[in-house]
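The structure appears below as structure tokens.
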Amino acid sequence: MKNVLTLIETTDTSELGNTTAGLLGAASRIGNPVAVVAVAPGHGSALVGQLGALGATHVILAECEGTGSLLVAPELEALSAAARQVDPVAVIAANSVAGRDVAARFAVRAGAGLLADVVAVDTDGDAIVATHSVLGGDYTVKATITSGPAVITVRQGAIKDIAPAATPTSATVIVTPGSTAATILSTTLETTGSNRPELRGATRVVAGGRGLGSAENFILVDELADKLGAAVGASRAAVDAGYVEQGAQVGQTGVSVSPDLYIALGISGAIQHRAGMQTAKTIVAINSDASAPIFDVADFGVVGDVLTVVPQLISALGAQSDS
């Protein structure tokens, strides 16, 4: 099988990012998953086994003195060094802020084509075919690159394939970023005080809109999310109205999500919102307006007052968990 090079992101504590399994699963659809990760010198050996359990058949540890203190440069050099080693047919990265940056820089450096914000990957003969959700989610299009390695960024949570576990081989390379790399002077870890999953990449999302009427009523979103172990999202209208912080915004100017379950409470479903959630596997909408656009994309819909329906739903879920 042809090699598919996968750029693995790590957290500030040097643990594997939550996009790892999805990226390796996507890589396994089109070839042999090879993982590359930038690490500090002498670190990273523990990641080899973890990456193998998630499907990597070969792991390249790119040791760089600037890992964690230089902005994307170590990852770019790691990807470039790994590509020279394995001659990949494709390069896959997360469609995160850092992933998009590294992928674009690598594509320019390698003279390769870039397929961004992909929601599915497959092959057609020797061609790699990427699926995009475009124009506010109203259209699904397929694209391919006819020559050179395809550089692909995958929308977080969109691809659920899981690669079979492997016993990987590994190699270590030393990389040195150029002198123009931007330096990270300090980082601040923001905590939400919540045990809910992060919105981007969550498998379940409960989102609220302006139809909830007030910030006080938005607590219904929090309560339902807690019952389901879900992340909390919101429409732009709810954010603009001050019901919730901007980080919860789902849509074209917010976070794009592709969970297994998306529950929209009091969200009308403007095209800008649908652009960020329409690829969810199952969409449930509760809205008092039977003609709301959200029902056009919902798999299940309830026409009713969210302030009446949602408390009943929370109560039913509570009774179910108690039984």
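Please treat every number below as a calculation from the coordinates, not as lab data. The structure displayed is predicted, hence computed values, not measured ones. Neighbour counts are summed over all protein chains in view; Cβ atoms, including those assigned to glycine, are modelled from backbone coordinates with ideal geometry.
Take the Cα radius of gyration of the stretch 44-200 and divide it by 2.2 N^0.38 Å, N being the number of residues; the result is 1.13.
Fully extending the segment from D124 to S291 would add 56.1 nm, taking 0.36 nm per residue of separation and subtracting the current Cα-Cα distance. Across the stretch 42-56, computed HN-Hα scalar couplings (Karplus, 6.51 cos²θ - 1.76 cosθ + 1.60, θ = phi - 60°) run x, 10, x, 4, 5, 6, 4, x, 5, 5, x, 4, 9, x, 6 Hz from first to last residue, x flagging Gly and Pro. First obtain the Kirkwood hydrodynamic radius of the chain from its Cα pairs, then insert it into the Stokes-Einstein equation at 10 °C and 1.306 mPa s, and state the resulting D in µm² per second as a whole number. This corresponds to a translational diffusion coefficient of 76 µm²/s. Fewest neighbouring Cβ atoms within 10 Å first, the residues H273, H43, H58 line up as H43, H58, H273. Kirkwood analysis of the stretch 245-323, using all unique Cα-Cα pairs, places the hydrodynamic radius at 13.2 Å. Which one, Q249, Q50, Q278, has the greatest fluctuation when you compute a Gaussian network model over the chain with C-alpha springs under 10 angstrom? With Cα springs under 10 Å in the chain, the top fluctuation among Q249, Q50, Q278 is at Q50. Just add up the charged neighbours of P177: K/R +1, D/E -1, any other residue whose Cβ is under 10 Å from the Cβ of P177. For residues surrounding P177, the net value is -3.
Note on the chain: antiparallel DSSP beta bridges, both residues inside, total approximately 20 percent of the bridges counted. Taken about its Cα centre, the stretch 129-236 carries a charge dipole of roughly 280 debye when the Cβ of each Lys and Arg holds +1 and the Cβ of each Asp and Glu holds -1. The modelled label-to-label distance between I162 and F300, using points 7 Å beyond Cα along the C-beta direction, is 2.3 nm. Couplings 3J(HN,Hα) for the stretch 155-169, derived from phi with the Karplus relation 6.51 cos²θ - 1.76 cosθ + 1.60 (θ = phi - 60°), are 4, 5, x, 6, 10, 9, 4, 10, 6, x, 4, 9, 9, x, 7 Hz, where x marks Gly and Pro.
Taking every Cα-Cα distance in the stretch 217-290 and sorting them into 5 Å bins starting at zero, the pair-distance distribution P(r) comes out as 3, 17, 28, 31, 18, 3 percent. For L70, the residues whose modelled amide H falls within less than 5 Å of its own, excluding neighbours fewer than 5 places apart on the same chain, are I184. Backbone amide hydrogens, once placed in the peptide plane, bring I152 within less than 5 Å of V91, I92, A93, L115, excluding anything fewer than 5 places away on its chain. Backbone phi angles across the stretch 220-226, fed through the Karplus curve with coefficients 6.51, -1.76 and 1.60 (θ = phi - 60°), yield HN-Hα couplings of 4, 5, 4, 5, 5, 4, 5 Hz in residue order; Gly and Pro are listed as x.
With a Förster radius of 45 Å applied to the beta-carbon distance between Q312 and T11, the computed FRET efficiency rounds to 0.70.
Amide H contacts for A231 (H built 1.01 Å from N in the peptide plane; partners 5 or more residues away or on another chain; cut-off under 5 Å): R204, V205, V206.
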